[in-house]
Amino acid sequence: MYKLLIVDDEKIEREGMAELIPWGSYGIELAGTAWNGQDGYEQVLKVHPDIVMTDIKMPVMDGLELIRRLKEEFPDIEVIVLSGYGEYEYTSQAMELGIKYYILKPCDEERMLPVIEKVKEEIETKRQEKSRYDTTVKKLLPLAKEQVFRNILLNRETSRREYDFFLGKMGEHRTGVYLLGFRNPTARFDALEQFVIENVLAELYGGENILMETSINKDVLFLINNNDLRKIEKSVERIRDEFVRVNSQPIQVALSDSGDIEHVNVLYTQLRELFQIGSPSGSAVVLHFGRLSGYEGHSSEFFRYDRLKEARDYAAILFEVYLGFIKMNLQGIEPEQKKQICRLVYQVGREEKEEDTGIDFDWENADNNDWTLICTLADLTADLREVDVSSGKEQIRMKQILQAVYENLRNTDLSIRYLAKEVLFMNEEHFGRVFVRCRGMKFSTWLRGVRIGLAKEVLSYAPDTRVSSLAELVGYSPDGQYFSKAFRKETEMTPTEYCEWLRQKNA
């Protein structure tokens with residue numbers, strides 16, 4: 001039997017396909033239905049269908065975005081597009097995403113059957129290929145497991161098949177895991193040094209407690225299933241005693257918080273923060289958050305490292321940095337601590353590069369002003385990501401525009417006219433032309449997208465934020481009326497409905 005999920009916002013079409021067609025007689029199990037792309041994506045996570053039959057034009061998330069997500073995360077799922085008359089442009093876009101099968105609406109059994117049979121043949125061919133692939137993987141299991149583990153730690157792109165393979169090898173150890181890291185501050189551990197660490201740890205801490213291990217740059221990392229600090233410290237002291245025989249350099253050792261295996265890359269970010277905060281000559285045997293004083297919260301609580309890493313232009317970087325400062329202000333983080341958190345974000349970002357070409361910035365003497373720190377962190381991050389913001393007059397001008405927007409984002413009078421006349425002192429028409437050329441859309445459309453995008457992220461982070469406060473945070477009048485209209489235009493939901501949707505999603 002092949003599992004099918006139907007995604008269509010038209011109730012009559014959706015229920016008709018679900019109830020009137022005898023799917024079982026065609027070897028198909030109807031696994032569920034969904035009314036939009038977001039609902040469909042969540043159903044995919046629950047029921048793991050073999051086939052998704054989806055409409056294109058739907059609210060909240062359309063079919064094209066659903067297809068993109070499925071292609072990235074679940075490449076084994078076959079997708080059939082339901083296309084109406086006059087929707088050829090959307091069908092063409094779906095084909096560009098790799099979709100081979102579509103059915104013209106209104107759908108009936110006669111139209112569906114030939115397409116379904118072709119899709120079943122395609123799935124069977126893929127399953128046979130997967131069987132051969134799995135046989136090969138089994139032979140290379142230890143190496144493959146370590147490589148996938150390393151990719152997940154570094155938040156590198158990993159196929160759904162590789163990710164599921166990794167989770168399968170974890171067995172029951174899906175929650176309550178820890179990351180234990182050893183760092184040589186001066187150079188990578190050589191083979192002998194790594195051998196000492198691995199063997200002493202397995203002997204004293206217990207090989208059964210070590211779920212996985214790998215090395216990344218100057219770090220040797222172990223995924224462990226408990227945090228018996230006494231045993232860990234005893235193991236570390238013995239490792240340091242043995243280590244001085246092969247290397248006189250001091251090493252750092254850090255232990256993350258507890259976490260789920262799905263978020264193990266966050267645990268690695270915590271370790272890198274600890275290595276930056278701690279000192280190789282400190283008195284603590286093991287650096288861990290419970291023993292650090294004067295540090296409230298982790299930088300990963302406020303800044304989304306994955307989004308900063310994926311950022312391909314200055315606008316995306318500024319959005320993430322500005323959002324991080326909104327979160328810190330909501331938590332009442334003091335100015336000096338904001339500066340230290342920015343330092344951590346930058347230092348952790350530098351570590352992600354194979355070859356550090358970052359600037360040695362003097363954070364200690366940096367201005368504590370929010371806007372200065374936002375621009376500093378955004379510029380340094382752009383340099384790390386090799387985002388060019390100064391190779392031509394138009395790029396320089398666009399950077400000035402973006403910075404002016406975010407500096408004045410909370411101003412309800414913010415517009416092209418205001419920025420051109422009061423801030424940048426440039427011709428309004430020229431401003432508009434430059435913006436459309438660089439961003440591909442009108443300024444007002446882009447600005448609304450930024451403001452509502454920030455509002456959505458704030459609601460995800462702090463869902464109890466009042467609508468009036470949220471409106472002010474992103475530059476709308478505190479009465480909330482115009483903000484709610486803009487929010488609905490971008491999301492097809494009110495802020496209250498969006499919060500409820502978030503609660504259901506995370507339930």
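Of all residues in the stretch 120-141, at least one satisfies being under 20 Å from GLY207 (Cα atoms) and either out of contact with any helix residue (DSSP H, G or I) (no Cβ under 6 Å at 6 or more places or on another chain) or at pLDDT 80 or above (or both). Taken over the stretch 455-500, the criterion of being touching a residue at least 24 places away in the same chain (Cβ under 8 Å), among the aromatic types (Phe, Trp, Tyr) and outside any loop (DSSP other than H, G, I, E, B) is satisfied by TYR461, PHE483, PHE487, TYR498. The lone criterion from (1) buried (at least 17 other Cβ atoms within 10 Å of the Cβ); (2) under 23 Å from LYS339 (Cβ atoms); (3) in contact (Cβ under 8 Å) with a residue 24 or more places away in the chain; (4) of a type outside the set (Lys, Arg) left unmet by LEU414 is number (2). When SER83, SER92 are screened for being buried (at least 18 other Cβ atoms within 10 Å of the Cβ) and either among the hydroxyl-bearing types (Ser, Thr, Tyr) or over 21 Å from LYS3 (Cβ atoms) (or both), only SER83 passes. Note on the stretch 8-20: residues that are touching a Ser or Thr at 6+ places or on another chain (Cβ under 6 Å) and either more than 19 Å from LYS120 (Cβ to Cβ) or open to solvent by 60 Å² or more (accessible area, probe 1.4 Å) (or both) total 1. Look at PRO49 and say whether it is closer than 28 Å to GLU490 by Cβ and either among the aromatic types (Phe, Trp, Tyr) or open to solvent by less than 50 Å² (accessible area, probe 1.4 Å) (or both). Considered against the rule, which asks whether it is closer than 28 Å to GLU490 by Cβ and either among the aromatic types (Phe, Trp, Tyr) or open to solvent by less than 50 Å² (accessible area, probe 1.4 Å) (or both), PRO49 comes out as no. Scan the stretch 184-199 and give yes if some residue there is aliphatic (A, V, I, L, M), in a helix (DSSP H, G or I), touching a Ser or Thr at 6+ places or on another chain (Cβ under 9 Å) and closer than 18 Å to VAL286 by Cα, otherwise no. No, because not a single residue in the stretch 184-199 is aliphatic (A, V, I, L, M), in a helix (DSSP H, G or I), touching a Ser or Thr at 6+ places or on another chain (Cβ under 9 Å) and closer than 18 Å to VAL286 by Cα. In the set (1) within 28 Å of SER415 (Cα to Cα); (2) open to solvent by less than 50 Å² (accessible area, probe 1.4 Å), the condition left unmet by LEU502 is number (1).
Got a sec? Which of LEU447, LEU409 is in a loop (DSSP other than H, G, I, E, B), within 24 Å of THR376 (Cα to Cα), in contact (Cβ under 8 Å) with a residue 12 or more places away in the chain and within 25 Å of the chain's Cα centre (by Cα)?
Numbers: LEU447 fails: in a loop (DSSP other than H, G, I, E, B).
One residue alone meets the criteria, LEU409.
Identification of strands (runs of 3 or more DSSP E) wholly contained in the stretch 203-291 with 2 or more residues that are over 22 Å from VAL345 (Cα atoms), open to solvent by less than 30 Å² (accessible area, probe 1.4 Å) and modelled with pLDDT under 80 yields no element.
Answer yes or no: is there a residue in the stretch 326-338 that is outside any loop (DSSP other than H, G, I, E, B), of a type in the set (D, E, K, R) and under 19 Å from TYR305 (Cα atoms). So far as the stretch 326-338 goes, yes, one or more of its residues are outside any loop (DSSP other than H, G, I, E, B), of a type in the set (D, E, K, R) and under 19 Å from TYR305 (Cα atoms).
Filter the stretch 21-44 down to residues that are assigned to a helix (DSSP H, G or I) and more than 16 Å from LEU4 (Cβ to Cβ) and give me whichever is most open to solvent (accessible area, probe 1.4 Å).
GLU42
Determine which member of the set GLN403, GLN504 is in a helix (DSSP H, G or I), among the polar types (S, T, N, Q) and under 22 Å from VAL321 (Cβ atoms).
Details: GLN504 fails: under 22 Å from VAL321 (Cβ atoms).
Sole residue among the options that is in a helix (DSSP H, G or I), among the polar types (S, T, N, Q) and under 22 Å from VAL321 (Cβ atoms): GLN403.
The values are calculated or read from the model by the stated rules, or taken from the named source; none is laboratory data. Here the structure is a predicted model, which means the values were calculated and not measured. All Cβ positions, even for glycine, are placed from backbone atoms using ideal geometry, and neighbour counts span all protein chains on display. These accessible areas exclude ligands, DNA and RNA; they are computed on the full protein's heavy atoms, side chains included. Shrake-Rupley method; radii C 1.70, N 1.55, O 1.52, S 1.80 Å.
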